[in-house]
Structure formats: C-alpha cells, structure tokens
Amino acid sequence: MTNDTVDVLLPYALEGAYSYRLPAGVAAAPGAYAQVPLGTRSVLGVVWDGAREPPEGKALRQVEHVFDLPPLTETHRRFIDWVASYYLTAPGNVLRMVLRAPGAFEGPRQRIAYQASGIEPRRPTPQRLRVLRIASEGMPLMARELQELAGVGASVVKGLIGEGALKAVLLPGDAPFATPDLEAGHLPLSREQERAARELRALIARRGAGVALLDGVTGSGKTEVYFEAMAAAIAGGGQVLLLLPEIALTQQFLARVERRFGLAPGHWHSDVRPRERERVWRGVADGTAKIVVGARSALFLPWARLGLIVVDEEHEPAYKQEDGVPYHARDMAVVYSSLAKCPAILASATPSLESLLNAEKGKYRHVRLHNRHGRAELPKTSLIDMRQAKLASGTWLSEPLAEAIGATLAAGDQALLFLNRRGYAPLTLCRRCGHRLQCPQCSAALIEHRFRRQLLCHFCGHTAPVAQACPDCHAEGSLVPCGPGVERVAEEARSRYPDARIAILSSDLTRGANLRGMLTAVVKNEVNLIIGTQLVAKGHNFPHLTLVGVVDADLALETGDPRGGERTWAIIAQVAGRAGRGGRGGVAMVQTYLPQHPLMTSLVAGDRDGYFGQELAIRASAGLPPYRRLAAIVVSGSDASATERLAKALRARAPMAQGVDVLGTAPAPIHLLRGRHRWRLLVKADPAINLQAYLKAWLADVTPKGSLRIDIDVDPYNFL
Ligand code: ADP
Ligand code: ZN
C-alpha cells in the first residue's frame, strides 16, 4: 500500500473499507475522519487500517477532506470490527452507530441558529407554520434542529430563511465540560460499602481489563459504592461511562451524579437535542467529558481514554438492541473492557444468570452487599393464593390485598400496585360471535387504551378508534374487555378508594416532563396510590412507599421465554424493593395462581441464590444459555408462501455439525408483524463451537429476493 492511498470505512452495509487517493501533501492516519465521494454523494467515513492492496488498474477517487479531530482510537476500531464479526453484520453498520452526531464535524466554532422574525411567510402552509411555531418558542435553533423537531425537509426551512421569516443569530461555541470534584458529595460509607469500594478501587488501580459484578439487594447503596470506583478512575486520568437501561430514569439519576461529582455529567440518548449530542460527542472524543451517563448507544461514542464502564441494572433486557445491529450493550461493554484494558462494573440486585455464572467461574470478581443501607429493612414478602380469592367478575384485587391498601392509605402512607400490562384490557372479544379485535398487520391483539380513547397494537403501533360494534358480526355493544391492564386496575381502585389520590405510571401516560412531574408528586407524597407497569420497577426512590401489591405475578412465567423465571424474579424483587426505603419498613403482597412454584416460595423466603441456582440447573439440563449459545434466524417476507418456502429451504441446507442443533423451522409466535410473514429457526451451540463461522458457512450463498429477508440474532432475548 502506498502513502497516497487510504482505506476508508463508510457507515453503510458494504463489504469492507473502500480505497481512496489522498490529495498531495495531505496525510491521514488510521482513525482520521474523512469526507469522501461515494456515487454521486459526499459521505463521512473513517480511515481504516489493514494493508489491503488498492484495486489494480482502477482509478481511485480522491479524499475530499480530512477533519481536524482526534482520531478514532485503535481500540475503538478493533471494537467495531469485533462487534461486526460477532453479530454478523457489516462493519459500516457498526461505524454508523459511532457517527451519530453529524454536526459534530462542523467543529465547536460559532454557529448560526434561527428564530422567528415576526415577518409572515408568503405561503403559510402547515409545515411552514409548524417550523415558525417551534422557532418562536424561546431558544434559537439550528436549521437541522428545526427540521428535525418540525419533521419537515431542508427546503421548508431554507424557504423561510430566504423570505426573512426566520432570522439568523450567532450561537456561542460549546460550553466546556467542567472538571469533576471527586470529593464533592462523597458520603461516609458503611463498613460493608467500604469493603466493596475497596475491592473496586483495587480493580481500577490494576489499570487492566477486569470485570466486577456488584451484587447487592435494592437499597444496599451500590450506587454510592460504584461512585467511589468512578472517582478512582477519573483520578487516574480516565473517562467514565455510566450506562443505564432506561432514559425515563435519567433525570433523577443525573441530579444524583451531579451532587456527587459537583458537575452536570454528559448525557447521551436518543432524546437529547442534536446540539447537546454534538457537544458530548466532541467532549468524549477530545477527552474533556470525564463522565457520561447514557443509554446503551453511548458505548459507541468515540472514547479518547475510557477508564471505567459501569453498567447499572446489568440484568435489564433493555440493554439488548432489537433493531439495526442487534447488540447487547452489557456484553459489548465487557468486550470493550477487554480490548481497551479498562475495568467494567456490572451492578444489579438481581444479576443475569450469565453474569452470575461468570462470577461463579471466577471470570468476574463477585462483590456483594447484603444489607440495606441505614435502618431501612427489606420488605417482607407474602403470597396471596388466587385460587382461593373468589374475585367478583371484573375485579382483580383479592380481599387481603384490598384491605392492606385501605389500611396503608388510612395511615397516610403510600401503596403501589404493579401490573406489567399497559392499557385497559389485553383482549377485547365479541360476546356474540367470539371475534377478537386484532391488528390488521400483526398477529397480535389490539389493546384498548381508554385514556387515549384508542385501540393500539403494542407490536407495530397501529391505532384504531375504539369500536362500538363488532367488526365481524356488526352486533352493537357486544364487545367486552377481557383481563386487566393498569387502567382497569385503576378503575377498580377508584371505586374502592374514592378518596385516594391515584397516579398511573406507564409509558403511555408519562413522557418526559410529564413523567418527571408525576415522580416528583410521588416523592412529595401528593399521590398516595400508584398503579404502574415496569416503569415503576426501577431506580426510583419513593420514600413514603410502604406497601407494594403485585397484581399478577404469573404473567411472565409461562410465555415460553427461557428467561421467563429469571425475569419474573427480577421484576418482582425490584418492585418490592421500592417499598420501605424511608426507614418505616415495607411489605410486598404477591397475587399468584402458582403459590407452590419454586419461584414463589423462594421469593417469600428471600432466597435468591437458591432460586437462581435451581434456574441454572434447569438451563444446564435444557442446554440453554449461559451453558449453550443461541442464535435466532428470522425469515420474513410479504408473501406467505414464498416466506415459508425460503424458511424450509434454509432449514434443509443447515450444515450438520457436532455440538450444533437447529430447531425449527416454525412460524414465529407473532407470525405476522407489520404485514410481514415470519418463520423462525433457533440454533443451539456448545460453547466451544464457533457459532459465527457456522452461521456464515450456512448462509453464505443465500440471497433472499424481493421482499424476503433473513435476520440473524446472535444471543437472542426475543423469541416472538
Ligand atoms: P442501590 O443502588 O443499591 O439500590 P442506593 O445507592 O440507591 O442503593 O442507596 C439507597 C439509599 O441509601 C439512597 O437514598 C442513598 O442515598 C442512601 N445511601 C446509600 N449509601 C449511603 C451512605 N453511605 N450514606 C448515606 N446514605 C446512603
Ligand atoms: Zn400491529
């Protein structure tokens, strides 16, 4: 390879990097960001390494521009290659996740933003008016932001600028990132916390790869403990990434980080405004952003010198990305840690079986906290046998639970009812002909949402007005809701406790500011009965909460998901863990039709290790993760028979291999999704097998035609 050619990896699904010629006198080392021509476009890429001979006799096109930015590190480039080969995707698809702040390349110079000038546009189209409304609400915004927020094309904004309806204002450059104050909000630790913190500090001091599983009951003060490790990593000159599973949680959490380190940390997820995203991106790349709190995609930011990754609530399925590159952020954090020789801390009160087994094998250091911090006690958990409950029709709360709620409210305390089902009822049936309301594009029920006055498909988002007559037999008033969602439980609660101040917390009713408002009301005890989905299970501190009722503990147990038991335990333990944090004790009451189930009996006994041990044994004998590895293959297409044919043809050519089993093909449980027919195959492989090589060999010469598609999901979490 000569000095005047470079390979540039582009953020697209291409085989590999493309070769380009460098203009005379321009140098570009691996990792440099470069603008290059591709077809008729000009695109951004990264100079890649690997001495590939430039294609013979082909005139190379020239690099247009090399950006004056810190290069993407060697570690990061190897990480991108690693992720691509593990998930069997093009490296460009992974690179695209790194380049998610296009404006960052304009540099932190002064930039132009726009405000409504007060001049009326000549043609007041709805699109134009939308832009102007947004442009008149306070802060000046850049053209790209206006476009994004108003959902219009570039020409709409340009037109308004041309007519003078938008006026330009110069924005100052980025606010620099402050230096953390490592002692700012340091709390004296309990003896148990101090011991754990010491172990984590030792891990940081070794300055190598290494993973700790920080395993402690809810409220044991894990956060304060990993804050100590973060302080040690920053003191050693590193940056820290703190991953959280849910963005709904971040506000309360950011405030806590701010108190601890005396600065607002960088903040990264899909709802962060573009300009702030660009600032964080640059701060991460030049090393000035010392602490970033983010959702899973923050792992792909162009870290200059990552000194520690913390994965909070490491067991959360939200770390698995379901579309695009289907990566698992906790697993990839561990990979990054080994490539970058930086430690990682996985924190949870209910670790995944994968992590527990790694700790058991000694691959992870197991750091445990057994007690709740201070005088707070873990809630006492009891079961309510629903087989004896004799519920009146259309009600869901057993007498013992209903009485306990009444007593809690009367005492001026807070109660929480948990049901992991959004909407009013999970199913609507016609009493006359038995027809069930169904999404036209998915094999899934349409769920009634009374608050929104809509029927909603939870798989594709399809909405329809609430039906008065049965769409099949046209009988009037014959549709009946079956089963409860949170809205229906709230209805029952309202009639039982007319004076209660009730809040429903579910992702339908609570977005952004709204959710923050509701959480504040809960913390201030302005609300005394909370009814919520799993949104309430995590992270929040509700100091007045003393009673938690689980409306249906069996929901996730019998779904056929191999992680159903583990998930159920985690969710119930997390929700129950919301109670009694204020130091006044707490109680959890769990309604179940399976009181003899080992999960239920161990819950009452508080015997997590016992239950997880049993689960591990079941997984081992069933050949499931973490003992054997899985890959799911989903064949889909808009034509039912072509899809089935391809799935069966694929099955027929599965290579025979020792240690690999191929299950299926079978129609997927959701066999129609967004109008596409779906068939599934499941591959189970022994740990010694190179699963990627097996899949590659199998699928090498298969090119699905027309609307057909083959999606591979390595380490799947979704079996629908
Ligand atoms: P976890 O992350 O294990 O659920 P947290 O770190 O959120 O636990 O701690 C639970 C509660 O106890 C929080 O309100 C926290 O502020 C408080 N806490 C934890 N450690 C200490 C400490 N050393 N001193 C004072 N308060 C603490
Ligand atoms: Zn649908």
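Can you tell me the dipole magnitude for region 342-493 around its Cα centre, using point charges on the Cβ only (Lys, Arg +1; Asp, Glu -1), in Debye to the nearest 20?
480 debye
Per residue, what volume in Å³ does the Cα convex hull of region 607-676 take up?
Per residue, the Cα convex hull of region 607-676 comes to 107 Å³.
Which of the cysteines found in the chain have nothing to pair with, since no other Cys Cβ lies under 4.7 Å from theirs?
C342, C460, C482
Please compare each pair in K320/K363; K361/K648; K167/K290; K684/K705 to a cut-off of 32 Å on the Cα-Cα distance and tell me which ones are over it.
Details: K320/K363 22 Å; K361/K648 39 Å; K167/K290 36 Å; K684/K705 27 Å.
The answer is K361/K648; K167/K290.
In units of 2.2 N^0.38 Å, what is the alpha-carbon radius of gyration of region 198-287?
In units of the 2.2 N^0.38 Å rule of thumb, it is 1.17.
To make sure I understand the rule: partners must be aspartates and glutamates, Cα under 15 Å from the Cα of K696, and not fewer than 8 residues away in the same chain. Which ones qualify?
Leaving aside aspartates and glutamates fewer than 8 places away in the same chain, those within reach of K696 are E15, D711, D713.
Once phi is turned into θ = phi - 60°, what whole-Hz ³J(HN,Hα) does the Karplus curve with 6.51, -1.76 and 1.60 give for every residue of region 658-668, x standing for Gly and Pro?
4, x, 10, 10, 10, 9, x, 8, 8, x, 5
Would you mind listing how long region 516-657 runs along its three principal axes, going by Cα atoms, in whole Å with the largest first?
In descending order, the Cα extents are 63, 37, 25 Å.
Kirkwood hydrodynamic radius of region 242-383 from all distinct Cα pairs, in Å?
16.6 Å
For the chain, what is the calculated [θ] at 222 nm in deg cm²/dmol (nearest 500), taking -39500 (n - 2.57) for each run of four or more DSSP H residues and dividing by its residue count?
Dividing the helical sum by the residues of the chain leaves -9000 deg cm²/dmol.
Taking a cut-off of 30 Å between Cα atoms, list the lysines near K524, but don't count ones fewer than 8 places away on the same chain.
Those lysines meeting the cut-off are K222, K380, K538.
Restricting to the chain, what percent of DSSP beta bridges are antiparallel, rounded to 5?
For the chain, the DSSP antiparallel bridge percentage is about 55.
Work out the P(r) tail for region 146-266: percent of alpha carbon pairs separated by more than 21 Å, whole number.
In whole percent, the share of Cα-Cα pairs in region 146-266 beyond 21 Å is 56.
Please report, for the Cα atoms of region 391-482, the Rg to one decimal and the Dmax as a whole number; what are they, in angstrom?
In order Rg, Dmax, the Cα atoms of region 391-482 give 16.7, 51 Å.
Amide H of T5 versus every other amide H placed in the peptide plane: which residues, excluding those fewer than 5 positions away on the same chain, fall under 5 Å?
L22
Are there trypsin sites (Lys or Arg not before Pro) in region 313-402 that DSSP marks as loop and that have at most 15 other Cβ atoms within 10 Å, and which are they?
Passing sites in region 313-402 are K341, K361, K363, R375, K390.
Ranked by Cβ crowding within 10 angstrom, fewest neighbours first, how are M656, M230, M386 ordered? Numbers along the way, then the final one.
Values: M656 6, M230 27, M386 21.
In order of increasing Cβ crowding within 10 Å: M656, M386, M230.
Just grab the label-to-label distance for A469 and H366, each label 7 Å out from Cα along the Cβ direction, in nm (one decimal).
Simple spin-label model gives 6.5 nm for this pair.
Using only the Cα atoms, what convex hull volume per residue in Å³ does region 535-595 have? Walk me through the numbers on the way to the answer.
On the way: hull volume 5.0 nm³, N = 61.
Hull volume over Cα atoms, normalised by residue count, gives 82 Å³.
Taking 2.2 N^0.38 Å as the expected size of a compact globular protein, what ratio does the Cα radius of gyration of region 357-413 give against it, to two decimals?
Normalised Cα radius of gyration, region 357-413: 1.91.
Region 95-173 to region 396-444: how many Å between their Cα centroids?
Cα centroid to Cα centroid, the span is 44 Å.
Once the mean 1/r over all distinct Cα pairs of the chain is inverted, what Kirkwood radius in angstroms do you read off?
Values: mean 1/r = 0.0353 Å⁻¹.
After inverting the mean inverse Cα-Cα distance, the result is 28.3 Å.
Please arrange F451, F261 by counting, for each residue, the other beta carbons lying within 10 Å of its beta carbon, fewest first.
F451, F261
With the dipole of region 364-404 worked out from charges on the C-beta (+1 for Lys and Arg, -1 for Asp and Glu) around the Cα centre, which of W396, H370, L383 lies farthest toward the positive end?
Looking along the dipole axis, the top candidate is H370.
Treating only the Cα positions of region 325-441 as identical point scatterers, give the base-10 log of I(q)/I(0) from the Debye formula at each q in 0.11 Å⁻¹.
Values returned for q = 0.11 Å⁻¹ are -0.81.
As an exercise, identify the GluC sites (Glu not before Pro) in region 81-186 lying in DSSP coil whose Cβ has no more than 11 other Cβ atoms within 10 Å.
Sites meeting the loop and neighbour criteria: E137, E183.
For region 4-163, which semi-axes, largest first and in whole Å, follow from the square roots of 5 times the eigenvalues of its Cα gyration tensor?
After diagonalising the Cα gyration tensor, the semi-axes are 38, 17, 15 Å.
Calculate one ³J(HN,Hα) per residue across region 379-387 by plugging θ = phi - 60° into the Karplus curve 6.51 cos²θ - 1.76 cosθ + 1.60, and present them in order as whole Hz with x for glycine and proline.
So the J values, rounded to whole Hz, are x, 7, 9, 10, 9, 10, 7, 6, 5.
Place a +1 charge on the Cβ of each Lys and Arg in the chain and a -1 charge on the Cβ of each Asp and Glu, then give the dipole magnitude about the Cα centre in debye, rounded to the nearest 20.
Working: 86 positive and 70 negative charges, 151 e Å.
Dipole size: approximately 720 debye.
Which net charge results when you count Lys and Arg as +1 and Asp and Glu as -1 among the other residues whose beta-carbon is under 12 Å from that of P426?
My count for the surroundings of P426 gives +1.
When each pair of different Cα atoms in region 151-210 is counted once in the 1/r mean, what is the Kirkwood radius in angstroms, to one decimal?
It is 17.6 Å.
The numbers here are math on the coordinates, done by the rules we state, and not lab data. Please read all numbers here as calculations on a predicted model, not as lab measurements. Quick reminder, even Gly has a Cβ in these numbers, built from the backbone with ideal geometry, and neighbours come from all protein chains shown.
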